[in-house]
1. Would you tally the residues in the stretch 46-57 being on the phi < 0 side of the Ramachandran plot and open to solvent by less than 60 Å² (accessible area, probe 1.4 Å)?
2. Output the residue which, of all residues in the stretch 78-127 that are of a type in the set (D, E) and surrounded by 12 or more Cβ atoms within 10 Å (Cβ to Cβ), is nearest to P139 (Cα to Cα).
3. Quick one: what pairs do we get from the stretch 135-152, first residue at positive phi, second not aromatic (F, W, Y), C-beta under 9 Å, 6+ apart or different chains?
4. With (1) within 25 Å of G117 (Cβ to Cβ); (2) outside any helix (DSSP H, G or I) as the list, and H29 as the residue in question, which single condition is left unmet?
5. Does any residue in the stretch 27-44 that is of a type in the set (D, E) come within less than 6 Å, Cβ to Cβ, of a residue that is crowded, with 20+ Cβ neighbours inside 10 Å six or more places away or on a different chain, and which pairs are these?
6. Which condition number in (1) open to solvent by less than 60 Å² (accessible area, probe 1.4 Å); (2) at pLDDT below 80 is the one that D43 fails?
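The values are calculated or read from the model by the stated rules, or taken from the named source; none is laboratory data. Remember, predicted model here, so these are calculated numbers, not experimental data. Methodologically, a virtual Cβ is constructed for each residue, glycine included, from the backbone with ideal geometry; neighbour enumeration extends over all protein chains shown. Accessible surface areas use protein heavy atoms only, side chains included; no ligands, DNA or RNA. Shrake-Rupley method; radii C 1.70, N 1.55, O 1.52, S 1.80 Å.
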Amino acid sequence: MGWRLIIKAGANLPEIIPGSRIENVQDYHRHRYKQGIPEGVKDLPPGVALPLESNLAYMNGVSFTKGCYIGQELTARTHHMGVIRKRLVPVQFSVPLPQESIPEGAEILTESGKAAGKFRAGGDELGIALLRLANVNEPLCLNVAGDKVKLTASIPEWWPKTASK
């Protein structure tokens, strides 16, 4: 995922991390969306987002050996049963979209009009969405201001190879 640092103005970044370069916040979010990495309450709405659907186990954000956290029983049961039907995945729109033009939680549909998931966040032509894994490889669309905008979803390369099953 790279590094995101808060450093003093004028600090020499290549001295701190050799081979690094400074990018702006928009570049960071574009990279994050391409990788399907959630961040903050917009991507992980409190009371709505589940740790396994949000890929937190893939990022070592969930422990299955240490106990006592809210939702532990459901998370452990889901993990050990091995059935996770929806996950946060990167999506790419057919055209760049105006900033904030898609409401959070907007429904993503298959070509036949069936619900496939919900949009979480994004900008320009990239974003992340909670999608049913069964629909990831299908043509998808989203209604934006009365127009259908096509989008494609993908499974990130960093996921475990058995994850897309």
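1. Of all residues in the stretch 46-57, those on the phi < 0 side of the Ramachandran plot come to 46, 48-54, 56-57.
This time we only want the ones that are open to solvent by less than 60 Å² (accessible area, probe 1.4 Å), so: 49, 51-54, 56-57.
Of the residues in that region, 7 qualify.
2. Quick first cut of the stretch 78-127, residues of a type in the set (D, E) only: 100, 104, 107, 111, 124-125.
Add one more test, that the residue is surrounded by 12 or more Cβ atoms within 10 Å (Cβ to Cβ), and what stays is 104, 107, 111, 124-125.
On the way: E104: 21, E107: 14, E111: 6, D124: 19, E125: 16 Å.
Filtering the stretch 78-127 for residues that are of a type in the set (D, E) and surrounded by 12 or more Cβ atoms within 10 Å (Cβ to Cβ), the one nearest to P139 (Cα to Cα) comes out as E111.
3. A145/S101
4. Just one mismatch for H29, condition (2).
5. Hits for this filter: D43/R120; D43/A121.
6. Going through the list (1) open to solvent by less than 60 Å² (accessible area, probe 1.4 Å); (2) at pLDDT below 80, D43 breaks only (2).
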